[in-house]
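What follows is calculated from the coordinates using simple rules that are stated; it is not laboratory data. No experiment lies behind these values; they were computed from the predicted model shown. Here the Cβ is made from the backbone with ideal geometry for all residues, glycine too, and neighbour counts use every protein chain on show.
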Ligand code: SF4
């Protein structure tokens, strides 16, 4: 059983699983007294502190029985976030602190963090906000990025890093902070309504950027408060055929890819999630075989195959 608010680390010994917790630190701003608590908790429970790419501080290498005690010491009630949700809003110091800043990235970033952090999405999602075109923090490689210029914000959509890196497409420019927020709200609504289990960039590539931008900008151009939601995309460019080595009616094996299982047997998704496979929208998990996924999660591949096949038949292997 996964301790609440923790993520499983690399399983080296199935009898001694280790976990990490990563408290929210919006914008990477942290008070000295909270830093002391983090240090005390790590010292007391033999944890290792690690700064993450999302401007947080992780305590890793914790034992299962210690996770709850660490949350208590930090004075935080752990929450289980949805598997596919807004993971982070990464913001640079912007014109408040940085001499090159052209816009207030902290103000925009903090509003986005408050509005969207941990909100459920079709896949994992990351925001980036930068105060100038230097775009510190890989802003154009976020699902939604905002970069500040003298003339206002430019909004990019569909960026990602990882196994399938993609530079975000420019959607609109010269926006005020309020206009940027309104456009981002429309983009997120459209993505939530019409995407499958896929990152924003994959969704955009599937339906085509012209279709995506036309739909969200048409909604944006309506008077605020009177918008009618953009209709589902009438896809004009068929998605690239994806090689699927699994057909409906075939049993899942150790070699079946997680991505194929999700596409061919979507009814197996809840069972996969119940078994701790949280990252079903993640490109790297989609390319893993069942045997690989079992190894990563420290579980028996035979049991995982049996559970998936039982879920496909509408039952449980137990
Ligand atoms: S993106 Fe620009 S404003 Fe932000 S930290 Fe980098 S140089 Fe400074």
Response to the item:
Taking R0 as 22 Å and r as the Cβ-Cβ distance between residue 133 and residue 53, the FRET efficiency 1/(1 + (r/R0)^6), rounded to the nearest 0.05, comes to 0.55
Worksheet item: What is the distance in Å between the Cα centres of the stretch 135-187 and the stretch 1-25?
Response: 32 Å
Worksheet item: Packing-wise, with mean Cβ within 10 Å as the measure, how do 122-131, 35-44 rank, highest first?
Response: 122-131, 35-44
Worksheet item: Rounded if a/c is under 1.5, else prolate if a/b is larger than b/c, else oblate: which is the chain, with a ≥ b ≥ c the root eigenvalues of its Cα gyration tensor?
Response: oblate
Practice prompt. Using Cα pairs closer than 8 Å and at least 6 residues apart in sequence, work out the relative contact order for the stretch 7-74, in percent.
Written response: 37 percent
Discussion item. Rounded to the nearest 5, what % of DSSP beta bridges with both residues in the chain are antiparallel?
Written reply: 70 percent
Worksheet item: Given a Förster distance of 35 angstrom, what is the FRET efficiency for residue 250 paired with residue 7, based on the Cβ-Cβ distance and rounded to 0.05?
Response: 0.60
Worksheet, complete the sentence: Whole-percent tail of the Cα-Cα distance distribution for the stretch 7-74, cut at 15 Å, equals 49 percent
Worksheet item: Would you list 85, 51 from fewest to most Cβ contacts within 10 Å?
Response: 51, 85
Worksheet item: Say we join alpha carbon atoms closer than 10 Å with springs in a Gaussian network model of the chain; which of 274, 134, 84 then has the biggest fluctuation?
Response: 274
Fill in: Where labels lie 7 Å past Cα in the beta-carbon direction, separation of residue 297 and residue 222 in nm
4.0 nm
Worksheet item: How high is the relative contact order of the chain, in percent, counting Cα pairs under 8 Å that sit 6 or more residues apart?
Response: 11 percent
Item to complete: Figure the gain on full extension for residue 229 and residue 209 (residue separation times 0.36 nm, minus the Cα-Cα span) and round it to one decimal in nm.
Response: 5.4 nm
Worksheet item: Of the listed peptides 14-24, 53-63, what is their order by residue-averaged count of other C-beta atoms within 10 Å, with the highest listed first?
Response: 53-63, 14-24
Item to complete: Just order 199-206, 27-34 by mean Cβ neighbour count inside 10 Å, highest at the front, would you?
Response: 199-206, 27-34
